[in-house]
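Note sheet for the following structure.
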Amino acid sequence: MTRLLKNGMIVNVFTNSLEKKNVLMSTEGMILGVGNYDTADEIIDVSNKILCPGFIDGHIHIESTTLMPHELAKVCLPCGTVAIVADPHEICNVCGLDGLAFILSSSEGLPMTTYIMLPSCVPATKFDESGAKLTAKDLKYFYSHSRVLGLAEMMNYPGVINDDLEVMEKINDAKKMNKIINGHAPLLTGEALDKYIVAGITDDHECSSELEAKERIQKGQWVMIREGTSARNLEGLISLFDEPYCQRCLLVTDDKHPHDILMNGHIDNIIRKAVSLGKSAITGIRMASLQAAQCFGLKNVGAIAPGYKANILVLNDLNTIDINDVYVNGNLVVENKRVIDFEIPNVRPEILKNIYRTFYMDDLKEDDFYIEDKHTDCRVIEIIKDQLLSNELICRLNFNKNNGIDIEKDILKIAVCERHLYTNHKGVGYIKGIGLKSGAIASSVSHDSHNLVIIGTNNKDMAIAGNAIKKMGGGLCVVENGDVLAQMALPLAGLMTTKSAKEISNENENVRNSARKIGSNYDIEPFMLMAFMGLAVIPHLKITTLGLVDVDKQEIVPLFLENK
């Protein structure tokens, strides 16, 4: 069967132009022609509409949306996202190969294609206590899967630079299979960056400055411009929308809550924001379609042209990316902004069983968070607004009151508690930039090992919040004066839910608002931000179950400095 989209203006991503042409496509998935065609089995008049290729999110963690893949598809398809490239290292750090099997099976056959990059860092570093460890041998079998495109973000850049045998084995396996290798090397520059690229790593999504991004482009890498819930790099990288740099960029969300997708959009929102900053919508569309496909070696994807996959968006307006209809493989999947029902994949019960059981730890007590005063300067994690980077702040804390916590100076306590292996290890320190005035917040979403992370103004509420998360089997929680104010259950690996996007969005907004009621700064998303304080591959100071980590030196450092 053939369909004809007639009388529309086409975004030509090869010439950066608008052309009034008709599009003939088959319901088997291919664009058959672009021109003056006037006959087909079905003719749809798209007068006064703009047609552009569907969007591809080049780097996303499904788990960070908290949604099952089919629920994510329901909210992303109306935003024009017809494909995502997912790295399941979150759930694999908790559940190992069962996590990978879960993501593959639960995303099979969806109208939003889910490509997979095999997780390269499970665990992310030697400072992490994960629920599993995946070796090169574990991953090798999965390269034959039709939706596996390569090896996901190589966060262990020190391992690459220092020729770590396990790291290089994973990279070399991917190269032998002619697969893509994603990068993750914030602030890496010069000769170290050269060596990282020589290893075969083709892109990076961690750029936070124009200088950093342009060096990568000059050296042949693709740059993924990220605009997620906490990490929002678009404004800092907006000059990349200009020639010649725009030719080597694509758009990604990385980590984005469903509430933000429902309220603001997905990849479409990044393009709208770029337009509001004075940049071309067509440039953004090209980044989100053709260039994303080129980055991942996807042939005949990302353009409205003969022989290309018939993934087409029908827009009411170009600059606002106002999407009316979406065609995937030549078939209508979104009509008048509403998703057409589709079949939900089945997941084997034995896989689900292991995904639901992921907490192995004792109940927490107030004393678990007590810190003995060493009467010297102390290292404090200082967050940076809109970034995943964090600074090391050195200061003298007052232990005469509240065990070093200073609410007036916004210095709170942070703890990361091991939940996978029953080690009961706990890293406890201090953090600045969250803003709580009372109570505590806790979450089982803590990249990438996803141990239990807690930030609070007192030890009692921290223990109560942590135990509430354990009782739920994972999720987010806000506590004040011993009472649970709000919670959001994430029983699938402590990361995801079976609820709809709207349901979990409401719960997510409730915990966010509750966090704000106890003082959380309004210009941050505290749960997403605290989730990255345990990721010891993003400079400069982080904390894991083993204690504070100097990311630049890749070593555990003491909370207190030595007396001189």
Quiz item: For q = 0.14, 0.20, 0.32 Å⁻¹, what log10 I(q)/I(0) does segment 240-288 give under the Debye formula with an equal point scatterer on each alpha carbon and no solvent?
Solution: -0.35, -0.66, -1.21
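From the C-alpha gyration tensor of segment 307-443, pull out the three semi-axes of the equivalent ellipsoid (sqrt of 5λ each), sorted largest to smallest, in whole Å.
Values: eigenvalues 468, 128, 32 Å².
Equivalent-ellipsoid dimensions as semi-axes: 48, 25, 13 Å.
Can you pull a Stokes-Einstein diffusion coefficient for the chain at 25 °C (0.890 mPa s), Rh from Kirkwood over Cα pairs, as a whole number of µm²/s? If you can, show how the numbers build up before the last one.
On the way: Rh = 24.1 Å.
Diffusion coefficient, whole number: 102 µm²/s.
Carbon and sulfur together cover what percent of the accessible area of segment 155-198 at a 1.4 Å probe radius? Display every interim value, and only then the final one.
Values: 1120 of 2150 Å².
Carbon and sulfur together cover 52 percent of it.
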Self-check item: Straight-distance crosslink candidates among aspartates and glutamates, where the alpha carbon sits under 13 Å from Lys542 and sequence neighbours closer than 8 are dropped
Solution: Asp128, Glu382, Glu392, Asp448, Asp550, Asp552, Glu555
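Given a 1.4 Å probe, how much area per residue of segment 333-453 is accessible, in Å²?
Value for segment 333-453: 49 Å² per residue.
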Quiz item: Convex hull volume of the Cα atoms in segment 404-481, per residue, in Å³?
Solution: 85
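What's the ranking of 358-365, 418-425, 492-499 by average number of surrounding C-beta atoms within 10 Å, highest first?
Numbers: 358-365: 16.5, 418-425: 18.1, 492-499: 24.2.
Going by the mean number of other Cβ atoms within 10 Å, highest first, we get 492-499, 418-425, 358-365.
Just from its helices, what would the mean residue ellipticity at 222 nm be for the chain, if runs of 4 or more DSSP H residues each count -39500 (n - 2.57) and the sum is divided by every residue, rounded to the nearest 500 deg cm²/dmol? Walk me through the intermediate numbers first.
Details: 16 runs with 141 residues, N = 564.
Dividing the helical sum by the residues of the chain leaves -7000 deg cm²/dmol.
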Practice problem: Compare the peptides 190-203, 51-64, 270-283 by average per-residue count of other Cβ atoms within 10 angstrom and give them in order, highest first. | Solution: 51-64, 270-283, 190-203
Self-check item: Interatomic Cα distance distribution for segment 6-55, bins of 10 angstrom, percent
Solution: 24, 59, 16, 0
Exercise. Can you send over the carbon and sulfur percentage of the accessible area for segment 68-118, probe radius 1.4 Å, protein chains only?
Key: 54
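Classify segment 453-541: rounded, prolate or oblate, from the alpha-carbon gyration tensor (a ≥ b ≥ c, eigenvalue square roots; a/c under 1.5 rounded; otherwise prolate if a/b is larger than b/c)?
Rounded, since a/c falls under 1.5.
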Self-check item: Under the Karplus curve 6.51 cos²θ - 1.76 cosθ + 1.60, θ = phi - 60°, whole-Hz ³J(HN,Hα) for segment 298-305, x wherever Gly or Pro sits
Solution: 7, 7, 6, 9, x, 8, 9, 7
Quiz item: Based on the alpha-carbon gyration tensor of segment 160-214 and its eigenvalue square roots a ≥ b ≥ c, which shape applies: rounded if a/c is under 1.5, prolate if not and a/b is larger than b/c, or oblate?
Solution: prolate
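May I ask you to give the percent of accessible area on segment 343-408 that is carbon plus sulfur, with a probe radius of 1.4 Å?
Details: 1760 of 4200 Å².
Solvent-exposed carbon and sulfur of segment 343-408 make up 42 percent of the total.
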Quiz prompt | Rounded Å value of the spacing that divides the Cα centres of segment 454-494 and segment 220-275 | solution = 32
Self-check item: Difference of contour (0.36 nm per residue) and Cα-Cα distance, Asn162 to Lys471
Solution: 107.0 nm
Exercise. Distance check, please: which entries in Lys337/Lys502; Lys437/Lys502; Lys175/Lys279; Lys214/Lys385; Lys273/Lys385 exceed 27 angstrom between their Cα atoms?
Key: Lys437/Lys502; Lys175/Lys279
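What accessible area per residue, rounded to a whole number of Å², is obtained for segment 248-292 using a probe radius of 1.4 Å? Provide the component values of the computation, followed by the final result.
On the way: 1080 Å² over 45 residues.
For segment 248-292, the per-residue accessible area is 24 Å².
The values are calculated or read from the model by the stated rules, or taken from the named source; none is laboratory data. Note that the structure is a prediction, hence the values are computed from the model and not measured. Using ideal geometry, Cβ is built from the backbone for each residue, glycine included, and neighbour counts are taken over all protein chains shown. With ligands, DNA and RNA removed, areas are computed over all heavy atoms of the protein, side chains included. Shrake-Rupley method; radii C 1.70, N 1.55, O 1.52, S 1.80 Å.
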